[in-house]
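Colleague: Quick one: the structure is below, and I'll ask about it shortly.
The values are calculated or read from the model by the stated rules, or taken from the named source; none is laboratory data. Predicted model, so just to flag it, every value in this text is computed and none were measured. Cβ: placed from backbone, ideal geometry, glycine included. Neighbour counts: every protein chain shown.
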Amino acid sequence: MNSYRDLIVWKNAIDLAVTCYAETKSFPNSEAYGMTSQIRRAAASIAANIAEGHGREHTGSFIQFLRVAQGSLKELETHLILSSRVGLMNGEVAASLTEQCEEIGRMLRSLIRSLQQKQ
């Protein structure tokens, strides 16, 4: 693995963030500093933490940043559920995005376990 850009989990996290940006474009202007911002920030944070951890070039640091990415992922899932329940986001869209979150979560857990075995 030469770059974080080679990681499928990073690619999937980028795709999720792009989709979250697209889906929140239809949110009302009153949510610009609320749910729109929260969803976008959490979604972007997942891929950013994967990249930052990889850039540290130390396995322990990488694992820690992957755990931070997991936290951002759970934060995003919570915002998606809330957005659906208050009517900001279509329930089917929120469910699809949540499924993507779950897949990324499985990938992060697998990568963490793999890295822990190499320590």
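Colleague: Which residue out of Ile81, Ile104 is of a type in the set (Val, Ile, Thr) and farther than 22 Å from Leu7 by Cβ?
Modeller: When all the criteria are applied, what remains is Ile81.
Colleague: A follow-up question, please. Output yes when any residue across the stretch 20-32 is within 23 Å of Gln116 (Cβ to Cβ), within 15 Å of the chain's Cα centre (by Cα) and crowded, with 21+ Cβ neighbours inside 10 Å, and no when none is.
Modeller: Checked the stretch 20-32: no residue is within 23 Å of Gln116 (Cβ to Cβ), within 15 Å of the chain's Cα centre (by Cα) and crowded, with 21+ Cβ neighbours inside 10 Å.
Colleague: Looking at this structure, is Ile46 aliphatic (A, V, I, L, M), under 16 Å from the mean Cα position of the chain (by Cα) and farther than 17 Å from Leu16 by Cβ?
Modeller: no
Colleague: Can you tell me which of (1) surrounded by fewer than 20 Cβ atoms within 10 Å (Cβ to Cβ); (2) closer than 20 Å to Ile81 by Cα; (3) of a type outside the set (Asp, Glu) is the one Ala51 doesn't meet?
Modeller: So Ala51 meets the others, but not (2).
Colleague: Among all residue pairs at least 6 apart or on different chains, which show Cβ distances below 9 Å where the first residue, located in the stretch 103-118, is under 18 Å from Ile14 (Cα atoms) and modelled with pLDDT under 95 and the second is surrounded by fewer than 17 Cβ atoms within 10 Å (Cβ to Cβ) and among the acidic types (Asp, Glu)?
Modeller: Once the first residue is under 18 Å from Ile14 (Cα atoms) and modelled with pLDDT under 95 and sits in the stretch 103-118, no partner that is surrounded by fewer than 17 Cβ atoms within 10 Å (Cβ to Cβ) and among the acidic types (Asp, Glu) comes close enough.
Colleague: Look at the stretch 62-102 and say how many of its residues are closer than 12 Å to Ala13 by Cα and over 12 Å from the mean Cα position of the chain (by Cα).
Modeller: The qualifying residues number 0.
Colleague: Still on this structure, please answer the following. Mind listing whichever residues of the stretch 66-100 are surrounded by fewer than 18 Cβ atoms within 10 Å (Cβ to Cβ) and hydrophobic (A, V, I, L, M, F, W, C)?
Modeller: Residues satisfying the conditions are Val68, Ile81, Leu82, Val86, Val93, Ala95.
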